[in-house]
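First comes the structure, then the notes that go with it.
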Amino acid sequence: MSEQLRSLQSQERSVTAAVTGDEDLGPFALLPGVWANEPDLPGRGWNMIALPFGPPEGATFRPAYRLLLHQYNERLIFSLVDKAVPNRGIGPVADGVTPNADQLLVALDYEQGINQLVGEDFPSSGLAGQPGGAIHHEPGLFLNMSDPLNEDSVDMARLATIPHGDSVLGLGTAVVEDGPATVPPVNALPLGVDQDIEANPYLAPYKHFHDNPFRSLFDPTDPTALLEVANEGVDIIRTTKLEFDSTVSTGGISNIPFIVRQANASEMKSTFWIQEVRREDGGTDLRLQYVQVVQLDFFPRFDGGPGRIKWPHVSINTMTKVDETPVPGPGGYPVMAA
């Protein structure tokens, strides 16, 4: 029996304010509190998304889409913890006895709120939004899961609910390592088409922002580069890496019918890096980086493969922890917190 399971078996189920350093949270122990871009790292959030689009007159590539990019600020709040959540089960029969084998979980609530600073798309649609506008709100849970029967290859989960009409279950594991983590490159070009942006005119929106980076910084052909830039000159002592994947085990995404027909969210992979950073005075600060890739499926593939073209919707950010003790409740947007 693991130490985690033994500890939870000695507790009654409880829902309380989450506290940094709580060992029952396992790899999430440093998350409770408020993470934000402001005031220290404004505008470090970036995302890109391809969308079906009725093009303006004169647009030549078909079927038509637009590539929308945002620079944004975010608040990510981890506020409540639900401990010793029981999933009832039984173990294998031994000596004629069927033992109980209950799984006990620790669920950490989160709420994500994102407001854009600038939006731009190509071809231009007039739909890129206004500065300060809300572009994302997401309540969810991070689950630290015990494994009483040693049957699972995953021990944590992310449950996300998206107001567009999506519900996501991503599963994974955590790794703690000294120093900074390596940020892997992400292929953000659509899958199912020739990915040569110089030779394939269908990728004109990607070539446009490759030749003219968004805000002179963000290149959609190398979307994680700015995470590496954000780590330059930072003394990262230790990194906790959390990886969630909706294609692992029983993970998946459920969507409302309109989304399935128009731009089906089929896969989600996200990696969070919790960084313990040494300050010049010898103290320690906390930073949080992430990259998330959601595949949106729409339009027939050009390569004859099964299904539809997969268009990566990529989001990245670097934030600092700005408050250890958030007040549970709506906190993503200023209008909600008023």
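The values are calculated or read from the model by the stated rules, or taken from the named source; none is laboratory data. Here the structure is a predicted model, which is why all the values come from computation and not from measurement. All Cβ positions, glycine included, derive from the backbone under ideal geometry; neighbour counts span all protein chains shown.
Take the conditions (1) touching a helix residue (DSSP H, G or I) at 6+ places or on another chain (Cβ under 9 Å); (2) at pLDDT 95 or above; (3) in a strand (DSSP E or B); Leu41 misses just one of them, which is (3). Residues in the stretch 230-281 that are among the basic types (Lys, Arg) and within 26 Å of His164 (Cα to Cα): 2 in all. Note on the stretch 45-80: residues that are farther than 23 Å from Pro213 by Cα and either in contact with a helix residue (DSSP H, G or I) (Cβ under 7 Å, 6 or more places away or on another chain) or surrounded by fewer than 20 Cβ atoms within 10 Å (Cβ to Cβ) (or both) total 7. Scan the stretch 1-25 for residues that are surrounded by 18 or more Cβ atoms within 10 Å (Cβ to Cβ) and either closer than 30 Å to Ala263 by Cβ or under 21 Å from the mean Cα position of the chain (by Cα) (or both) and the total you get is 2.
With respect to (1) more than 30 Å from Pro55 (Cβ to Cβ); (2) touching a residue at least 60 places away in the same chain (Cβ under 8 Å); (3) surrounded by fewer than 18 Cβ atoms within 10 Å (Cβ to Cβ), the lone exception for Asp102 is condition (2).
Does Gly119 satisfy the condition of being of a type outside the set (D, E, K, R), surrounded by 12 or more Cβ atoms within 10 Å (Cβ to Cβ), assigned to a strand (DSSP E or B) and touching a helix residue (DSSP H, G or I) at 6+ places or on another chain (Cβ under 9 Å)?
Working: of a type outside the set (D, E, K, R): yes; surrounded by 12 or more Cβ atoms within 10 Å (Cβ to Cβ): yes; assigned to a strand (DSSP E or B): yes; touching a helix residue (DSSP H, G or I) at 6+ places or on another chain (Cβ under 9 Å): no.
For Gly119, the condition - of a type outside the set (D, E, K, R), surrounded by 12 or more Cβ atoms within 10 Å (Cβ to Cβ), assigned to a strand (DSSP E or B) and touching a helix residue (DSSP H, G or I) at 6+ places or on another chain (Cβ under 9 Å) - is not met.
The strands (runs of 3 or more DSSP E) found wholly in the stretch 225-326 and carrying at least 3 residues that are out of contact with any helix residue (DSSP H, G or I) (no Cβ under 8 Å at 6 or more places or on another chain) and within 19 Å of Ala174 (Cα to Cα) occupy 236-245, 264-278, 284-300.
Within 24 Å of Trp273 (Cα to Cα) and under 23 Å from the mean Cα position of the chain (by Cα) - does that describe any residue in the stretch 199-217? Can you show your working first?
Going through the stretch 199-217, the residues within 24 Å of Trp273 (Cα to Cα) turn out to be 217.
Subsequent filtering for residues that are under 23 Å from the mean Cα position of the chain (by Cα) retains 217.
There is at least one residue in the stretch 199-217 that is within 24 Å of Trp273 (Cα to Cα) and under 23 Å from the mean Cα position of the chain (by Cα).
Would you check if Phe61 is under 28 Å from the mean Cα position of the chain (by Cα) and over 22 Å from Ala160 (Cβ atoms)? Judged against the criteria, Phe61 is not a match.
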